[in-house]
Amino acid sequence: MAMKRIFSGMQPTNRLHLGNYLGALRNWVDLQQQDYECIFCVVDLHAITVPQEADKLAQSTREIAAAYIAAGIDADKCIIFPQSAVPAHSQLMWLLATMTQMGKLDRMTQFKDKAGKNAERAGLGLYAYPVLMAADILAYKATHVPVGEDQKQHLELAREIASTFNTRYNTTFFPQPEPQILGEATRIMSLRDGTKKMSKSEESDYSRINLTDDADAIALKIRKAQTDPEPLPSEVAGLKDRAGADNLVTIYAALKRCSKADVLAEFGGSTFSVFKPALAELAVETLTPMTSRMTSLLANPDEIDRILARGAEKADAIAKPILKEAMEIMGFWPGK
């Protein structure tokens, strides 16, 4: 049976929040228990598509790595490393960029969202972000990629780029990576506006639960979360057009690992003065051990650096020969 390899990553920008945990990190933890080789990257090259403070980037990378480990990623089972530490990402990105059509990049909705009205002033890196993402995946011949809804378009482009390479050079060298969208809570929304995705960049800290928040902060943010005057419905259909209520029920279901129908079977007819304290208690119970573990890890940055260095060596050992073979297929001088 062919080996299955997972690749995924997060940017070292701002703090990770509940949406990152429920939508991605917890799923990664589950995947490492299955029949996959797991590679989890801190994608610092992607982070610099927007300006970063140079003196903070390395520390931000450590913080994301600490969050991975605190969430339950086992550094002995999985590879955890910074993207920039493995040259194959950047090198393969250029090779793949030469066979990526501009028209396909023009259709990437995330560039339009991030660049907004300033598209003409946006950097090439932001525009070419999906090609680097393709290189991240294909540098390891990853077979599966856990993605959120907002990244599905980029993964589809990675599949198309792999197909273009294989067709152009009459080979089956690169696999077609398959998306994995796991769990009920793939899209956690802002606590202040249930129509917007929970984001690290939203101005109000009350819009999100950070993985570094203590119990009091978590409880306060849930207490202040957007809702409406009506009690919870007894069926999921009753959450339609009630974005704030739907979001809190979704969060409870994800934390409890049950369905929204199960949550409403228990709390249907309850007011939010009853439901919010129950949600806060569940969130604190789930997140507090992670917060404590992160605090402990960040107090020992040398240990984090050791884990990242070891991971970078393992990742490079996989990606380097794949890059070399890809270059040979393309006709480059093979070297020694």
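The values are calculated or read from the model by the stated rules, or taken from the named source; none is laboratory data. Only a predicted model underlies this, so the values are computations on that prediction, with no experimental measurement involved. Positions of Cβ are backbone-derived with ideal geometry, glycine not excepted, and every protein chain shown enters the neighbour counts.
For every residue, the table says whether it meets (1) outside the structural domain of Asp44 (by TED's automatic domain parsing); (2) modelled with pLDDT of 95 or more; (3) part of a loop (DSSP other than H, G, I, E, B); (4) closer than 30 Å to Asp76 by Cβ.
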site: Leu279; (1), (2), (3), (4): yes, yes, no, no
site: Thr288; (1), (2), (3), (4): yes, no, no, yes
site: Lys320; (1), (2), (3), (4): no, yes, no, yes
site: Lys324; (1), (2), (3), (4): no, yes, no, yes
site: Lys336; (1), (2), (3), (4): yes, no, yes, no
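Looking at this structure, is Thr167 of a type in the set (Val, Ile, Thr), part of a helix (DSSP H, G or I) and over 20 Å from Phe275 (Cβ atoms)? Steps first, answer last, please.
Numbers: of a type in the set (Val, Ile, Thr): yes; part of a helix (DSSP H, G or I): yes; over 20 Å from Phe275 (Cβ atoms): yes.
Against the criterion (of a type in the set (Val, Ile, Thr), part of a helix (DSSP H, G or I) and over 20 Å from Phe275 (Cβ atoms)), Thr167 qualifies.
Looking across the stretch 41-100, the residues that are under 20 Å from the mean Cα position of the chain (by Cα), assigned to a helix (DSSP H, G or I), over 28 Å from Tyr169 (Cβ atoms) and hydrophobic (A, V, I, L, M, F, W, C) come down to Ala47, Leu57, Ala58, Ile64, Ala65, Ala66, Ala67, Ile69, Ala70, Ala71, Ala85. Return yes when Gly72 is in contact with a helix residue (DSSP H, G or I) (Cβ under 9 Å, 6 or more places away or on another chain), on the phi > 0 side of the Ramachandran plot and in contact (Cβ under 8 Å) with a residue 24 or more places away in the chain and no when it is not. Yes: the conditions hold for Gly72.
Residues of the stretch 170-185 include at least one that is hydroxyl-bearing (Ser, Thr, Tyr), at pLDDT 95 or above and part of a loop (DSSP other than H, G, I, E, B).
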